[in-house]
Amino acid sequence: MDSIVFGPDLALGIPVLDQSHRIVFDMLEAMENLPRPAFDKACRELATEFMEHLREENSLMERIDYPAAQVHRAAHGNLLERISRALRLLRDGEEATARDIVRSLPDWLEAHINTMDLALAIAVSRLT
Ligand SMILES: [Fe+2]
Ligand SMILES: [Fe+2]
C-alpha cells in the first residue's frame, strides 16, 4: 500500500464496518511520524479501536450464522496478536520493531478487507 488512506475501493457498503475501517486507517496515518510517548498512547487507542471493531464483526457473523466465521475470527485474533506484540515491544524498549509492526498493519488490513470482510459483506447483502 503506497499511502495509508481508506479509499472508496475499500468500502464494503456496510456503514458500521466502513466507518470503523476508516477510523483505523486514519489512526494509522496519524501515527506514522508520531514521536513517543504519543505513539505509545496511539497504539493503545488503536488496540481498543480494533477490539471494538472486531467484536462488532464477530457478532455480525454470529447473528447471520456465517459459515466462514471460524477462519475469519482466527484472522481477527492474528491482528490482535500483532498489536499486542507491538505494545509489549514498546514496553520493552524495542521501538523500531514495534513501529515496523504498526507500519505493516495497513497492508494487512487492506488484504483482510478485500478478502474476508468483502466476503462477509456479500453474505450480509444476500440476507437483506
Ligand atoms: Fe474489518
Ligand atoms: Fe474482518
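What is the extension gain from residue 128 to residue 36, computed as 0.36 nm multiplied by their sequence separation minus the C-alpha to C-alpha distance, in nm to one decimal? The partial results should precede the final answer.
Numbers: separation 92, 0.36 × 92 = 33.12 nm, distance 4.57 nm.
The residue 128-residue 36 span can extend by a further 28.6 nm.
Sum -39500 (n - 2.57) across every DSSP H segment of at least 4 residues in the chain, then divide by the residue count to get the 222 nm mean residue ellipticity, nearest 500.
Values: 5 runs with 94 residues, N = 128.
The helix contribution divided over the chain gives -25000 deg cm²/dmol.
Roughly speaking, what is the stretch gain from residue 56 to residue 107, that is 0.36 nm per residue apart minus the C-alpha to C-alpha distance, in nm to one decimal? Please list the in-between numbers first.
Numbers: separation 51, 0.36 × 51 = 18.36 nm, distance 2.11 nm.
Additional length available on full extension: 16.2 nm.
Stretched out fully, how many nm does the piece from residue 19 to residue 92 gain, at 0.36 nm a residue minus the Cα gap?
On the way: separation 73, 0.36 × 73 = 26.28 nm, distance 3.30 nm.
Gain on stretching residue 19 to residue 92: 23.0 nm.
Using the Kirkwood formula on the Cα atoms of the stretch 1-89, what hydrodynamic radius do you get, in angstrom to one decimal? Numbers along the way, then the final one.
On the way: mean 1/r = 0.0704 Å⁻¹.
It works out to 14.2 Å.
Please list log₁₀ I(q)/I(0) at q = 0.25, 0.26, 0.30 Å⁻¹ for the stretch 54-99, using the Debye equation with identical point scatterers on the alpha-carbon positions.
-0.79, -0.82, -0.97
What value does the stretch 26-77 have for Rg/Rh, both radii from Cα atoms and Rh as Kirkwood defines it? Working shown, then result.
Values: Rg = 14.5 Å, Rh = 12.5 Å.
On the Cα set of the stretch 26-77, Rg over Rh gives 1.16.
Values in this text are rule-based calculations from the coordinates and carry no lab data. Please read all numbers here as calculations on a predicted model, not as lab measurements.
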